[in-house]
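The values are calculated or read from the model by the stated rules, or taken from the named source; none is laboratory data. Small disclaimer: the values here were computed from a predicted structure and weren't measured. Virtual Cβ from ideal backbone geometry, glycine too; neighbours counted across all protein chains shown.
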Amino acid sequence: MLNDYRSQTIDAALLDDLSHLVRLAIREDLDRTADLTTLAIVPQGIQGSAVILPRVPGVAAGVDLIEAILQEFDTQLTWTQHVGDGERFEPQQPIAKLEGETRDLLTCERTILNFLGRLCGIATLTSRYVAKLEGTNASVYDTRKTTPGWRRLEKYAVRCGGGRNHRSGLFDGILIKDNHLACRASKDGKLLDPGTAVQLAKSFVASGAYRFEHSPLIEIEVDRIGQLESALNAFPDIVLLDNMSCELLKECVSLRDRMAPSVELEASGGVNLGTIGSIALTGVDRISVGALTHSAINLDLGLDWILKND
């Protein structure tokens, strides 16, 4: 594996994103006022405890973030972790236990479950894609098809499910796509040649005109063999093979092996659980799947109260 895009961890940037999102979620629920039902029904000072329980099997993601979520509520709630991020769980297996002021527990409930349900859903779906690649040399990658504002969190969930992260954003690598090749045609009527585009990118990186935190990977998208041959002549780090059949992907792998074996090939476009295994068997190194984030279903989680006689 070549130097890869950066993996998303629980870092300062992710925690900052989470803080903003939780504050927005709190405002959605309380609208700068209060939890009216809880104030009406539950006397102040009652202590309680509850456990987060999954209704279905899955992979944990976001459990390690519960403390950060609770901090935004400014409560005295405490919690005990039973399952770590990246670990599998079964239905009704406690993920975490929350304890403290009953009013606070009730007010925090939906926000916590919404965050964990979304992230566990992504991790669980990713793990299903990863399982389809067992016995092959391919890895599954996410994309930028993420929920606005949630990208770092969703990419972290992909990692919890065993997937890999593609570039975090436009700042995090050079990916020359078909529109980059086409947009210059408005000037001279000609599409930019893939090999020339890669050379332009390499010259830009080497020029010192922009100060990089780390040397960016250079990747280019192609959709036919002729474009691939041109791109390989310039030796990018990765070539993205867009919406190609398995037969054509095999031809691309063979051409790559002859011309530039150090260049990695990434398949993309229309990948699903039914096709990813066959795509991996063509010999590509990477398979990017937008569905990991844009089509994941929130995992069904509940907060179940612990009664004193339990």
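Among the residues of segment 294-305, those that are surrounded by 14 or more Cβ atoms within 10 Å (Cβ to Cβ) and in a loop (DSSP other than H, G, I, E, B) comprise ALA296, ASN298, LEU299, ASP300.
Let me spell it out: the conditions are (1) in a loop (DSSP other than H, G, I, E, B); (2) among the β-branched types (Val, Ile, Thr); (3) in contact with a Leu (Cβ under 6 Å, 6 or more places away or on another chain), and VAL56 meets all of them except one. Which number is the exception? Exception for VAL56: condition (3). Among the criteria (1) in contact with a Pro (Cβ under 9 Å, 6 or more places away or on another chain); (2) more than 17 Å from ILE287 (Cα to Cα), the one ARG167 does not fulfil is (2). For segment 44-60, the set of residues classified as exposed (fewer than 12 other Cβ atoms within 10 Å of the Cβ) and touching a helix residue (DSSP H, G or I) at 6+ places or on another chain (Cβ under 7 Å) consists of GLN44, ILE46, GLN47, listed by residue number.
Of the strands (runs of 3 or more DSSP E) contained entirely in segment 202-268, those carrying at least 3 residues that are in contact with a Leu (Cβ under 6 Å, 6 or more places away or on another chain) and either closer than 21 Å to ALA138 by Cβ or not assigned by TED's automatic domain parsing to the domain that holds GLY283 (or both) fall at 218-222, 264-268.
Those residues that are outside any loop (DSSP other than H, G, I, E, B), in contact with a helix residue (DSSP H, G or I) (Cβ under 9 Å, 6 or more places away or on another chain) and crowded, with 17+ Cβ neighbours inside 10 Å, I need them from segment 278-293; list them, please. Give the derivation first.
Keep residues of segment 278-293 that are outside any loop (DSSP other than H, G, I, E, B), which gives 278-280, 286-288, 291-293.
If we keep only those that are in contact with a helix residue (DSSP H, G or I) (Cβ under 9 Å, 6 or more places away or on another chain) as well, we get 278-280, 287, 291-293.
Of everything in segment 278-293, those that are outside any loop (DSSP other than H, G, I, E, B), in contact with a helix residue (DSSP H, G or I) (Cβ under 9 Å, 6 or more places away or on another chain) and crowded, with 17+ Cβ neighbours inside 10 Å turn out to be ILE279, ALA280, ILE287, ALA291, LEU292, THR293.
If you check THR80, THR126, THR107, THR136 for being modelled with pLDDT of 95 or more, in a loop (DSSP other than H, G, I, E, B) and among the polar types (S, T, N, Q), only one passes: THR136. In the set (1) in contact (Cβ under 8 Å) with a residue 40 or more places away in the chain; (2) of a type in the set (Phe, Trp, Tyr); (3) more than 29 Å from GLY121 (Cα to Cα), the condition left unmet by TRP305 is number (3).
Within segment 56-73, no residue that is not assigned by TED's automatic domain parsing to the domain that holds GLY84 sits with its Cβ atom under 9 Å from a residue that is not charged (D, E, K, R) at 6+ positions apart or across chains. So, in segment 128-175, of the ones that are more than 20 Å from HIS294 (Cα to Cα), without any contact (Cβ under 8 Å) to a residue 60 or more places away in the chain and hydrophobic (A, V, I, L, M, F, W, C), which residue ends up surrounded by the most Cβ atoms within 10 Å (Cβ to Cβ)? That would be ILE174.
Sort out which residues of segment 257-277 are of a type in the set (S, T, N, Q) and either surrounded by fewer than 20 Cβ atoms within 10 Å (Cβ to Cβ) or at pLDDT below 95 (or both), and write them in order of number. It would help to see each step written out before you state the result.
So the first thing to find is which residues in segment 257-277 are of a type in the set (S, T, N, Q), and the list is 262, 268, 272, 275.
Correct list: SER262, ASN272, THR275.
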